[in-house]
Structures are given as structure tokens and as C-alpha cells.
1. Could you grab me the full set of residues in the stretch 90-104 that are in a strand (DSSP E or B) and of a type outside the set (D, E, K, R)?
2. Can you run down the residue pairs with Cβ atoms below 7 Å, 6 or more apart or on separate chains, where the first is in the stretch 44-65 and in contact (Cβ under 8 Å) with a residue 60 or more places away in the chain and part of a loop (DSSP other than H, G, I, E, B) and the partner is small (Gly, Ala, Ser) and buried (at least 17 other Cβ atoms within 10 Å of the Cβ)?
3. Among the listed residues Gly123, Gly150, Gly135, Gly115, identify the single one that is within 10 Å of the chain's Cα centre (by Cα) and either more than 22 Å from Gln55 (Cα to Cα) or part of a loop (DSSP other than H, G, I, E, B) (or both).
4. For the stretch 92-112, what are the residues that are within 21 Å of Gln55 (Cα to Cα) and touching a helix residue (DSSP H, G or I) at 6+ places or on another chain (Cβ under 6 Å)?
5. For residues that are of a type in the set (A, V, I, L, M) and buried (at least 22 other Cβ atoms within 10 Å of the Cβ), scanning just the stretch 81-110, find the one that is farthest from Pro148 (Cα to Cα).
6. Please specify each residue of the stretch 131-150 satisfying the condition of being under 27 Å from Glu37 (Cβ atoms) and either charged (D, E, K, R) or in contact (Cβ under 8 Å) with a residue 24 or more places away in the chain (or both).
Amino acid sequence: MIESISKMLRRDLLSMLALTAAGGFVFPTWLLAEAEELEVTKTDEEWRRLLTPAQYRVLRHEDTEPAGSSPLVDEHRKGVFVCAGCELPLFTSETKFESGTGWPSFWSPVEGALGTKADWSFGVKRNEVHCRRCGGHLGHLFNDGPPPTGLRYCMNGVALKFIAEES
């Protein structure tokens, strides 16, 4: 029975993704919880209570904060950037760099912390990045970053929390 429900969820997910590609429908991130069997799952109402309105819009409905609005753009202390939804460590301060885009940018994540999926919301394929533990939307991945990876993880600051390293 569980296997048939799992197949049904995957089929429904694939159908929604096809509709997304065809019609520009924005796929809500919270549905990833059903598709990926995430470690941290909450009801929509629980997420609304846990997160600020801005965090909720970004993490659960793939919104984007305005460029330059996050204080994390100028965060230069040693520490770790964690998911604002579940506090999974995502990036270390050693991989943060100034991209000039107005969003916190990193050239490499903590191993195993992220998931990605195709995002066709603007009619072109982009790589959406989400927290692998709670499915929260974080931002996008681009191939125009610095060495050594050449990658730019362009993250919404509101989707992250910074935990400074103790001196």
C-alpha cells in the first residue's frame, strides 16, 4: 500500500512538473516534502507559524527577496550559514564571496546539504537550489562563480541564518 501511494505521489509530481514546463506554473517547494520524503516535514500552517512572512514566501513558495535587502550580503565573520527552516548547515563562511549581485553567494556548499531541480519559471531553464532536509527554496545555482569550482550558489539571505564561530 505504501509503495502504491509513493508511486502515485511520484506520478502526480511528474504531471505537475510537465504542467509547469508547459504553462509557466510556479511549482511550490512545499510539495517536495511528499516527493522526496524529506526528514523535516510540517503542515503549511506549521511553516507559517515557524517562519517570518518573508521566510515563508521564499522557503515555501519560491519567492525572491529584493537584491541588496539581506544583511547577510555584508556578513564577513567566520561561521556557518544554516537553513532558516530547519537549521541544517548549508555553507561555511570560507566559501562565501562577493558576487556583486546583491544576494549572498557561495562557491561550494556543505557536502550533502542541498538538492537541486530544474526551474522553468521564467521560460528558461535555471537550477533551483533547496535544502535537502526540509525542501526549503534557497535560491539558484549558476556557472559563473570563482575558482576552484566556477559555481555561484546565489542564495536568498532570508532563507539563511548565520551562526558566528565562537572566538
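Just so you know, all these numbers are worked out from the coordinates, no wet-lab data involved. Being a predicted model, the structure only gives us computed values, none of them experimental. Because the Cβ atoms are built from the backbone with ideal geometry, glycine has one as well, and the counts that use them run over all protein chains shown.
1. If the condition is that a residue be in a strand (DSSP E or B) and of a type outside the set (D, E, K, R), then Leu90, Phe91, Thr92, Phe97 are the ones that fit.
2. Final answer for the pair search is Glu65/Ala54; Glu65/Gly157.
3. Among Gly123, Gly150, Gly135, Gly115, only Gly135 is within 10 Å of the chain's Cα centre (by Cα) and either more than 22 Å from Gln55 (Cα to Cα) or part of a loop (DSSP other than H, G, I, E, B) (or both).
4. The answer is Pro104, Phe106.
5. Ala84
6. Looking only at the stretch 131-150, we keep the residues that are under 27 Å from Glu37 (Cβ atoms), and these are 131-141.
The answer is Cys131, Arg132, Arg133, Cys134, Gly135, Gly136, His137, Leu138, Gly139, Leu141.
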